[in-house]
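Down below is the structure, laid out as C-alpha cells.
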Amino acid sequence: MLKRFAHRLLKPIAATGLAAVLAVSAMLPAAALTEQEQKTLTDLNSYFNSVKTMHGDFIQFGPDGSQSDGKFYMARPGKVRFYYNKPSVLDIVADGKSVSVRDRKLNTQDIWPLGQTPLRFLLSDSIDLQRDTNVTNVLVEEDLVTVTIFDKTKFNSGTLTLIFDAKDYALKQWTVTDQQGYDTSVAVYNVVSNGPTNPDLFKIDYLANARQNKN
C-alpha cells in the first residue's frame, strides 16, 4: 500500500491519458496574481534559493488516511532521499537525473526521470515559482502561505500544493493531487538547513535494475 502512495508522488501517467491532460490544462485560466502575491512568490524564491541542503523528519499521509514516516535528506540541485521507518520498506532516492523507489524487502526498484516528477520543483538549482511553474493560486494567511501549482509534463499531470511558514518561508508540507483526485501529502519537521550532507545518500544502484530485469 505504501509503495503505491510513493508511486503516486512520482509515477508518470499512461500516454493514452495525454489528450485528456492537455484538454484539462487548456481550460485552466492564466493565474492573475496580485502585487502582494507576486511579492510573496519573490520572497519564497529567495528563501528556497538560499537553502542548498536540508535534512529532518517527515510524515506521509496517504489518500486512505494511512500514515508512514522516516528521515529525509536533500542536496540541491537534484538530490533527495526519503528513508521510511518500519514497517514500511521503502527507500526513495533522487541522484540529480533519476528518481528510484526501492522496496527493501522485495529488493526491487522502479526508476523515473527526475524531470517528469513533482520533485523537480523542490530540487532545481535555481527556483523561480513565477517563471518556471504554472501557479494557479497563492493564499497568504497569518501563519501559512499556500502556493498551488498545476503540474503538467509530457507524461505527468496533477496539482502540487506547497505550504510554507508565513514568517520565515520555511517549507512545511507539500501535497500531490493526481489526475484521479487522490491526495498524497508529506509534512516535514525538525528540519536543519544548510548543514553537511553525505553524497553516498543519493546514489542509485542502476545495476540492480539490470539484474532485476533479467529475472
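General observations
- Backbone amide hydrogens, once placed in the peptide plane, bring K52 within less than 5 Å of N194, excluding anything fewer than 5 places away on its chain.
- Scattering from region 75-136 was approximated by placing one identical point on each alpha carbon and applying the Debye formula without solvent; log10 I(q)/I(0) at 0.24 1/Å stands at -0.96.
- Using heavy atoms of the protein chains and a probe of 1.4 Å, the accessible area assigned to D125 is about 90 Å².
- Couplings 3J(HN,Hα) for region 158-168, derived from phi with the Karplus relation 6.51 cos²θ - 1.76 cosθ + 1.60 (θ = phi - 60°), are x, 10, 10, 10, 9, 10, 10, 5, 6, 8, 10 Hz, where x marks Gly and Pro.
- Checking the cross-link pairs K97/K152; K52/K152; K52/K97; K39/K167; K152/K172 against a 20 Å limit on the alpha carbon distance flags K52/K152; K152/K172 as lying beyond it.
- Less than 5 angstrom separates the built amide H of K172 from those of I163, F164, D165, all sequence-distant by 5 or more or on a different chain.
- The HN-Hα couplings worked out from phi for region 43-57 by the Karplus form 6.51 cos²θ - 1.76 cosθ + 1.60 (θ = phi - 60°) are 5, 5, 4, 4, 5, 4, 6, 8, 9, 9, 9, 7, 8, x, 10 Hz, whole numbers, x standing for Gly and Pro.
- Rounded Å value of the spacing that divides the Cα centres of region 36-115 and region 180-211: 4 Å
The values are calculated or read from the model by the stated rules, or taken from the named source; none is laboratory data. Quantities reported herein were computed from a predicted structural model and do not represent experimental measurements. Side chains are part of the model used for accessible areas, which takes the heavy atoms of the whole protein and leaves out ligands, DNA and RNA. Shrake-Rupley method; radii C 1.70, N 1.55, O 1.52, S 1.80 Å.
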